[in-house]
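Enquirer: Dropping the structure in here first, questions after.
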């Protein structure tokens, strides 16, 4: 799947070096930064952003805010990788974002007792595939020093899942077995690199739609699914914000939750229209039927209830990645969701 250059109406893409400028601008105008009418949302590339795309196109957030008596001015931006998004959130450059479960847990841990970042919705369950272009590699047991594995960040959801898979295959003390093979790059660049072998890339741990496009490339095969590691369907990304934003903007917070739920229901009821919204938002020239097939895939579900996140949380604490031990998913989700049957 290839993407066209962004249109003038496409979200602004923020690099890691530029988010600090946004933070400085926010500090320069404290009255605006604290205004409940201003909401700064950052999304990422790929189908993990679908609920945001639908909510934006249908103006669900604005509608839900008006029902709360609030008129919103939403500033949308785009970044690549959980580490960059976490830095932007911690700096105050943005208010709300979605990131992988692994980066969400890191953010919760780093801000525990201070900003207290937590999740307020899941954004669906979908598998993430580790792909390889080397004929000799059929599972992670076949990976060697000859391999270079592309990931968006060494702290990304995919990187943590690979560590967890290594621990399962080789023992807990071997969780970092493949860390030296990781090469960081955006999924869009890794898609081309795996096809060409550029930079010695022989594998890519990705997500939809990139993994499905790569499986069409000659010689590329799946050697691992995140569902195998987690023992079934699991939430891939979570929507997060800090306790201060939630306390100071309760109406906007409620509007966000309801809008994401509304977007989830829209995707389930109108998958074709949702696929068209995605293609416009991503400025993609992929066939609409291809995206529609993803949305109809029984492995993919855009429910907002967290699924199967605790296994990764436990692993990351045992591996000493997290200082604070989460007793359950309720520790890193705000308490207004605790009545859900999450995991």
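The values are calculated or read from the model by the stated rules, or taken from the named source; none is laboratory data. Being a predicted model, the structure only gives us computed values, none of them experimental. Ideal geometry is used to build each Cβ from the backbone, glycine not excepted, and the neighbour counts take in all protein chains shown.
Enquirer: Please work out if residue 299 is farther than 21 Å from residue 268 by Cα and either in a loop (DSSP other than H, G, I, E, B) or at pLDDT 95 or above (or both). Quick ask: steps written out before the conclusion?
Expert: On the way: farther than 21 Å from residue 268 by Cα: no; either in a loop (DSSP other than H, G, I, E, B) or at pLDDT 95 or above (or both): yes.
No; evaluated as a whole, the condition is false for this residue.
Each row is one residue, and each column tells you yes or no for (1) modelled with pLDDT of 95 or more; (2) within 18 Å of the chain's Cα centre (by Cα); (3) not assigned by TED's automatic domain parsing to the domain that holds residue 208.
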site: 137; (1), (2), (3): yes, no, no
site: 144; (1), (2), (3): yes, no, no
site: 149; (1), (2), (3): yes, no, no
site: 155; (1), (2), (3): no, yes, no
site: 162; (1), (2), (3): yes, yes, no
site: 165; (1), (2), (3): yes, no, no
site: 168; (1), (2), (3): yes, no, no
site: 177; (1), (2), (3): yes, no, no
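Enquirer: Residues being surrounded by fewer than 16 Cβ atoms within 10 Å (Cβ to Cβ), touching a helix residue (DSSP H, G or I) at 6+ places or on another chain (Cβ under 9 Å) and in a loop (DSSP other than H, G, I, E, B): count how many of those fall in region 131-153. So that I can check it myself, show each step before the final result.
Expert: Residues of region 131-153 that are surrounded by fewer than 16 Cβ atoms within 10 Å (Cβ to Cβ), as a first pass: 135-136, 138-139, 141-142, 144-146.
Going one step further and asking which of them are touching a helix residue (DSSP H, G or I) at 6+ places or on another chain (Cβ under 9 Å), we end up with 136, 139, 141, 144-146.
Now restrict to residues that are in a loop (DSSP other than H, G, I, E, B): 136, 139, 144-146.
Of the residues in that region, 5 qualify.
Enquirer: With 70, 54, 85 as the choices, which residue is surrounded by 24 or more Cβ atoms within 10 Å (Cβ to Cβ), more than 15 Å from the chain's Cα centre (by Cα) and either outside any helix (DSSP H, G or I) or outside the structural domain of residue 188 (by TED's automatic domain parsing) (or both)?
Expert: On the way: 70 fails: surrounded by 24 or more Cβ atoms within 10 Å (Cβ to Cβ); 85 fails: more than 15 Å from the chain's Cα centre (by Cα).
So the residue among 70, 54, 85 that is surrounded by 24 or more Cβ atoms within 10 Å (Cβ to Cβ), more than 15 Å from the chain's Cα centre (by Cα) and either outside any helix (DSSP H, G or I) or outside the structural domain of residue 188 (by TED's automatic domain parsing) (or both) is 54.
Enquirer: Go through region 187-225 and give me each residue that's touching a helix residue (DSSP H, G or I) at 6+ places or on another chain (Cβ under 7 Å), crowded, with 16+ Cβ neighbours inside 10 Å and over 17 Å from residue 284 (Cβ atoms).
Expert: 193, 194, 201, 204, 205, 220, 223, 224
Enquirer: Outside the structural domain of residue 117 (by TED's automatic domain parsing) and touching a strand residue (DSSP E or B) at 6+ places or on another chain (Cβ under 8 Å): is that true of residue 257 in this structure? Step through it out loud before you land on a result.
Expert: On the way: outside the structural domain of residue 117 (by TED's automatic domain parsing): no; touching a strand residue (DSSP E or B) at 6+ places or on another chain (Cβ under 8 Å): yes.
Here the answer is no, as residue 257 does not meet what is asked.
Enquirer: Considering only residues that are touching a residue at least 60 places away in the same chain (Cβ under 8 Å) and more than 30 Å from residue 212 (Cβ to Cβ), which ones fall in region 287-318?
Expert: 318
Enquirer: Regarding residue 322, is this residue touching a helix residue (DSSP H, G or I) at 6+ places or on another chain (Cβ under 6 Å), part of a helix (DSSP H, G or I), touching a residue at least 24 places away in the same chain (Cβ under 8 Å) and within 20 Å of residue 103 (Cβ to Cβ)? Break it down into steps so the answer makes sense when it comes.
Expert: Values: touching a helix residue (DSSP H, G or I) at 6+ places or on another chain (Cβ under 6 Å): yes; part of a helix (DSSP H, G or I): no; touching a residue at least 24 places away in the same chain (Cβ under 8 Å): yes; within 20 Å of residue 103 (Cβ to Cβ): yes.
Spelling it out, it is not the case that residue 322 is touching a helix residue (DSSP H, G or I) at 6+ places or on another chain (Cβ under 6 Å), part of a helix (DSSP H, G or I), touching a residue at least 24 places away in the same chain (Cβ under 8 Å) and within 20 Å of residue 103 (Cβ to Cβ).
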